[in-house]
Amino acid sequence: MTLVEVAAAAEPIQRPVRTIGVIGGGQLAWMMAEAAPKLGLSLVVQTPKLDDPAVARVGSAAVVQGAVGDAAVTRQLLDRVDLVTFENEFVDLAALGELARSGACFRPSLKSLEPLLDKYDQRCFLQQIGLPVPAFAAIADRAQAMQIDRWENGQPLTFPAVLKTRRHGYDGQGTRVVADRAALLAVGDQWQWQPLILEAFVPFERELAAVAARSATGEVAIYPIVETQQVNQVCRRVIAPAPIPPTVATHCQEIAHRLLSQIGAIGIFGIELFVTAEGQVSVNEVAPRTHNSGHFSIDACHTSQFEQHLRAVAGLPLGPVGLHCACAAMVNLLGFEVATSDYQEQRDRLAAVPHSRVHWYGKTSATPGRKLGHVTVLADSLAELQRAIDRLESIWYGSDD
């Protein structure tokens, strides 16, 4: 059996799903816990900190305390739930594999996660199943970085390029645009030559995302393709639907459908994409979980991505994914200082913006770039939406940005 064939064979569940374990207790689990009661489900979370966002929603009695990568703690979690899903990718697949071989059910399956958690493995897998990706090459050490002159596809290596850590990068961390070989060596030295991947820089016109779900029966539902806009390599805002030609949107949907079907996904996957001025689409990264680019769905779609993920992993039919408004935006409320504050005054002003809803994650401290919350706003036109975005960002970030 190939990896994909193994991945496509979902672990059977012989009983109705009532309780789901979530590895991770951050804001994604917090929003998942908000959606669970509607489906008659309860959650138990594995997380190291009792002040993590999800704990406030599920209660401390529904917490198995321990590091998200500790499989011994996950064994305790499994004793209390029908299956386990994931809030993040910081897991030890080899250790979890021992639990799976003992009958534990993970959704998405460990086999479907295996080719995605390491960015180099992910690039190889996407290329293997025929999806468009930038040229890339693995970088093992400084000596290789000094000598490498070709991408793995045989084409000459070019700068600028994008250097990434192969594991555990998120929100711009572990990603750096390098202008030349000297910069490559400097960043590699800074990162102490942990396993790295170098990618060709894509001169994109827009960054897009496809948030898609696949059920255990193979049903696929894809949310409207969105545009994501970054500031300092962290997503600042999401526009739904993306202002792109229908042909580009269709291509993005085809990529999402092919990926989820080929890998045997169960649950929500977030697929980040580039589109050039010529309309060429390529895959940037794939996150096998609910995704920041899908937060708009809580307020703007008939089924939120969090409800949809729970539906998929619990074996329930998928819900409709269309917008119930003309357009919507999600603005991330990122930390802009080192402080301890609930920012209540700013939150009240954000909530007063017409057709907006503030989601505050309950974090007790702010640092630059940390995701403290988000606000969704609905509108009847893109022009109205842009005015609302400008107002929201002025309230949160001020006028100097």
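Summarise the long-distance tail of P(r) for the range 269-401 by giving the % of C-alpha pairs beyond 19 Å.
59
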For C105, other-chain or 5+-apart residues with amide H closer than 5 Å (H placed, Pro excluded) are V84
Considering only the other residues whose Cβ falls under 13 Å of the Cβ of F269, what net charge follows from Lys and Arg at +1 and Asp and Glu at -1? +1
Candidates (i) 56, 55, 43; (ii) 83, 51, 39; (iii) 81, 55, 39; which is the computed Cα extents along the principal axes in Å? (i)
Could you pull out every one of the lysines with an alpha carbon less than 29 Å from that of K38, ignoring same-chain neighbours closer than 8 positions? K49, K363, K371
What percent do you get for the relative contact order of the chain when only Cα pairs under 8 Å and 6+ apart count? 13
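Please identify every one of the trypsin sites (Lys or Arg not before Pro) in the range 132-239 that sits in a loop by DSSP and has no more than 16 other beta carbons within 10 Å of its own beta carbon.
On the way: sites: R142, R150, K164, R166, R167, R176, R181, R206, R214, R236, R237; in loops: R166, R167.
Here the trypsin sites (Lys or Arg not before Pro) that fit, given the DSSP loop and packing criteria, are R167.
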If packing is taken as the average number of other Cβ atoms within 10 Å across a peptide's residues, how do 368-374, 378-384 rank, most packed first? 368-374, 378-384
Per-residue ³J(HN,Hα) for the range 206-211, Karplus 6.51 cos²θ - 1.76 cosθ + 1.60, θ = phi - 60°, Hz, x for Gly and Pro: 9, 9, 10, 8, 10, 9
Taking a crude spin-label model, label points 7 Å out from Cα along the C-beta direction, the Q128 to R258 distance in nm is 1.6
Cut-off 10 angstrom, C-alpha nodes, Gaussian network model of the chain. Which of L39, L208, L93 fluctuates the most? L39
Counting each DSSP H run of 4 or more residues in the chain as -39500 (n - 2.57), what helix-only mean residue ellipticity at 222 nm follows after dividing by all residues, to the nearest 500 deg cm²/dmol? -8500 deg cm²/dmol
Each residue of the range 356-367 in turn: what ³J(HN,Hα) in whole Hz from Karplus with 6.51, -1.76, 1.60 and θ = phi - 60°, glycine and Pro shown as x? 10, 9, 9, 10, 9, 7, x, 6, 9, 9, 10, 9
Cα centroid of the range 279-320 to Cα centroid of the range 227-258, whole Å: 13
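Express the relative contact order of the range 7-105 as a whole percentage, based on alpha carbon pairs under 8 Å and six or more residues apart in sequence. Each step should come with its number before you reach the end.
On the way: 165 pairs, mean separation 31.6, N = 99.
That works out to 32 percent.
Beyond 19 Å, what percent of the Cα pairs of the range 317-370 remain?
Numbers: 626 of 1431 pairs.
Percent of Cα pairs beyond 19 Å in the range 317-370: 44.
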From the square roots a ≥ b ≥ c of the eigenvalues of the alpha-carbon gyration tensor of the range 144-199, which class results: rounded (a/c under 1.5), prolate (a/b over b/c), or oblate? prolate
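At 1.4 Å probe size, put V58, V275 in order of accessible surface, largest to smallest.
Details: V58 35, V275 5 Å².
From most accessible down to least: V58, V275.
Looking at the square roots a ≥ b ≥ c of the eigenvalues of the Cα gyration tensor of the range 21-106, which shape do they give, rounded for a/c under 1.5, prolate if a/b is larger than b/c, or oblate? The partial results should precede the final answer.
Details: a/c = 1.89, a/b = 1.43, b/c = 1.32.
In terms of gyration-tensor shape, prolate.
Give the peptides 238-244, 64-70 in descending order of average Cβ contacts within 10 Å, highest first. Intermediate results must be reported in sequence, preceding the final value.
Details: 238-244: 20.4, 64-70: 18.1.
Top of the packing list down: 238-244, 64-70.
Just the accessible area per residue of the range 243-326, please: how many Å² with a 1.4 Å probe? Mind dumping the intermediate values first?
Values: 2590 Å² over 84 residues.
Per-residue value: 31 Å².
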Please state the relative contact order of the range 157-219 as a whole percent: Cα pairs under 8 Å, 6+ residues apart? 38
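Could you rank C105, C124 by how accessible they are, 1.4 Å probe, largest area first? It would help to have the intermediate numbers written out before the result.
Details: C105 10, C124 45 Å².
The residues order as C124, C105, largest area first.
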Determine the share of the chain's accessible area contributed by carbon and sulfur atoms, expressed in whole percent, with a 1.4 angstrom probe. 49
Please list the radius of gyration and Dmax for the range 131-175, considering alpha-carbon atoms only, with Å as the unit. 11.6, 31
Lys/Arg Cβ at +1, Asp/Glu Cβ at -1, dipole of the chain taken about the Cα centre: which of Y223, V84, V375 is farthest positive-ward? V84
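Rounded, prolate or oblate: which fits the range 71-122, taking a ≥ b ≥ c as square roots of the Cα gyration tensor eigenvalues, rounded meaning a/c under 1.5, else prolate when a/b beats b/c?
On the way: a/c = 1.99, a/b = 1.92, b/c = 1.04.
Verdict is prolate for the range 71-122.
Give the accessible surface of the range 31-190 per residue, rounded to a whole number of Å², with probe radius 1.4 Å and ligands, DNA and RNA excluded.
Working: 7040 Å² over 160 residues.
Per residue, the range 31-190 has an accessible area of 44 Å².
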For the range 213-321, the fraction of alpha-carbon pairs in successive 10 Å shells from zero, as %: 14, 49, 32, 5, 0
Please name whichever of Q155, A265, A287 sits farthest to the positive end of the charge dipole of the chain, dipole taken about the Cα centre and charges placed at Cβ: Lys and Arg +1, Asp and Glu -1. A265
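The values are calculated or read from the model by the stated rules, or taken from the named source; none is laboratory data. For clarity, every value in this text was computed on a predicted model and none was experimentally measured. Positions of Cβ are generated from backbone atoms using ideal geometry, with glycine treated the same way; all protein chains shown enter the neighbour counts. Note: areas computed on protein heavy atoms with side chains; ligands, DNA, RNA excluded. Shrake-Rupley method; radii C 1.70, N 1.55, O 1.52, S 1.80 Å.
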